[in-house]
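Asker: I have a structure here, written as structure tokens, and I will follow up with some questions on it.
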Amino acid sequence: MSTERHAVAQLASHGRGWKLQGPSRAHPVTLPRYARFKYGDSTHVDRFAQALVGISLPALQGTQGPLYVTSSGYGFTPPAAAALLEPAVAALRRAGLDARPFHTHRDSVTPADYATLGPDERSLALCADQLHPALPPDALRGATVLGLDDVVVTGVHERALELALRRDGAARVLHAYLVDASEAACSPQVESWLNGPAGTDPAALLAAAHSGSFTPNSRFLKAVLRLPAAQRARVLASLPPGLVAWMLEGAQRDRMDLVPDLADGMDALLASAPTTATA
């Protein structure tokens with residue numbers, strides 16, 4: 001099974017570190033923008049989505065019938081990549097394609113921060129059996145599917161998604177990423193470096209949540225839950241009540257209590273919003 005992969009920017013080795021390389025100086029994916037995006041800043045989501053469509057369109061020319069479009073799989077709380085789906089579909093439709101978005105449901109929980117896991121741990125945490133396109137039976141039969149995501153490192157999610165889509169009948173699957181970091185596949189923790197320090201900085205998390213361009217996602221939620229107790233308490237007390245309620249519902253529905261390093265945060269979240277607990 002050959003993989004059709006396109007990326008806006010490439011992560012390349014640079015001396016003893018890494019740097020992003022893109023198709024031009026003007027490409028929108030920079031390290032600061034990417035890191036803020038991963039924690040809910042949607043300022044550049046439209047530009048990111050348009051860039052993904054731009055690199056995918058040449059390969060999509062001549063597509064017959066519907067083009068189904070999805071993002072990385074998730075349960076209730078979406079990853080950052082889910083924010084790319086709607087604007088990308090709009091751009092694809094403007095380009096004349098019959099783009100149809102759908103959610104790929106994931107029925108498992110990652111036992112730790114995915115960005116810190118090695119290849120073997122990622123393979124144990126995710127497989128095709130855990131991913132299910134939320135579409136009527138046979139909807140993908142013979143179809144072309146475009147999968148959108150923010151980054152590829154080891155390709156574990158990419159392979160699992162492709163297998164799940166082909167299992168449901170997709171004839172062709174393309175993957176489009178903001179960053180292709182596959183050169184660092186043997187050092188997948190580089191994903192943590194790409195995500196930046198915001199997840200450990202209470203001030204950055206609060207600034208994101210109170211900005212006018214915030215779209216809550218699972219990485220933001222988990223970052224808050226993983227904060228040290230005193231910092232977590234200050235952040236939860238400063239977040240809008242509606243956001244705290246959403247976080248609690250998402251944490252419960254996605255069974256984040258099963259993740260060892262989120263358990264204390266779950267208790268704190270329950271205590272901060274006891275009247276919003278779901279059954």
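Asker: When the Karplus curve 6.51 cos²θ - 1.76 cosθ + 1.60 is applied with θ = phi - 60°, which whole-Hz ³J(HN,Hα) does each residue of the stretch 126-136 get, with x for Gly and Pro?
Answerer: Coupling constants for the stretch 126-136: 8, 9, 4, 5, 8, 10, 9, x, 7, 9, x Hz.
Asker: Suppose a student asked you for the relative contact order of the stretch 146-235, using Cα pairs under 8 Å spaced at least 6 residues apart; what percent would you report?
Answerer: Answer for the stretch 146-235 is 26 percent.
Asker: State log₁₀ I(q)/I(0) for the stretch 56-212 at q = 0.12, 0.15, 0.20 Å⁻¹ as given by the Debye formula over alpha-carbon point scatterers of equal weight, solvent excluded.
Answerer: Relative scattering, expressed as log10 I(q)/I(0), comes to -0.56, -0.85, -1.34.
Asker: With 10 Å bins from zero, work out the P(r) of the chain over every alpha carbon pair and list the percent per bin.
Answerer: 6, 29, 35, 23, 6, 0
Asker: For the stretch 129-279, what does the alpha-carbon gyration tensor say about shape, rounded, prolate or oblate, given a ≥ b ≥ c as the root eigenvalues, a/c under 1.5 as rounded, and a/b over b/c as prolate?
Answerer: Prolate, because a/c is 1.5 or more and a/b exceeds b/c.
Asker: Using only the Cα atoms of the stretch 1-121, build the gyration tensor, take square roots of its eigenvalues as a ≥ b ≥ c, and label the shape rounded, prolate or oblate: rounded if a/c is under 1.5, else prolate if a/b is larger than b/c, else oblate.
Answerer: Oblate.
Asker: Right, next: With the chain treated as a Gaussian network of Cα nodes joined by springs under 10 Å, which of R167, R94, R106 yields the largest mean-square fluctuation?
Answerer: Fluctuation is largest for R94.
Asker: Tally Lys/Arg at +1 and Asp/Glu at -1 over every other residue whose Cβ is under 15 Å from the Cβ of P32; what's the total?
Answerer: +2
Asker: How many nm is it between the label spots at D257 and A139, if each spot is 7 Å from the Cα in line with the beta carbon?
Answerer: 3.2 nm
Asker: Gain in length, D107 to E249, computed as 0.36 nm per residue apart minus the alpha-carbon separation, to one decimal in nm?
Answerer: Gain in length upon complete extension: 49.5 nm.
Asker: Run the dipole for the chain about the Cα centre, Lys and Arg Cβ at +1, Asp and Glu Cβ at -1, nothing else charged, and hand back the magnitude in debye, nearest 20.
Answerer: So the magnitude is around 620 debye.
Asker: Here is a further query. Using a Gaussian network model of the chain with C-alpha springs under 10 Å, which one of G54, G73, G212 is most mobile by mean-square fluctuation?
Answerer: Answer for the Gaussian network model of the chain: G212.
Asker: Measure off 7 Å from each Cα along the Cα-to-Cβ vector at A185 and R167, then give the distance between these two points in nanometres to one decimal.
Answerer: 2.2 nm
Asker: Considering amide H positions built from the backbone, and no H for Pro or chain starts, which residues 5 or more places from F214, or on another chain, come under 5 Å of its amide H?
Answerer: S42
Asker: When DSSP beta bridges are limited to those with both residues in the stretch 63-219, what percentage is antiparallel, rounded to the nearest 5?
Answerer: Around 15 percent antiparallel, to the nearest 5.
Asker: Multiply the residue gap between T3 and R33 by 0.36 nm, knock off their C-alpha separation, and tell me the result in nm, one decimal place.
Answerer: Going from the current span to full extension adds 8.1 nm.
Asker: Towards the positive end of the charge dipole of the chain, with charges on Cβ (+1 Lys, Arg; -1 Asp, Glu), say which of T77, V109, L97 has the farthest Cα.
Answerer: L97
Every number here is computed from the coordinates shown, using simple stated rules; none is lab data. Here the structure is a predicted model, which means the values were calculated and not measured. Every residue, glycine among them, receives a Cβ derived from its backbone with ideal geometry; neighbour counts consider all protein chains shown.
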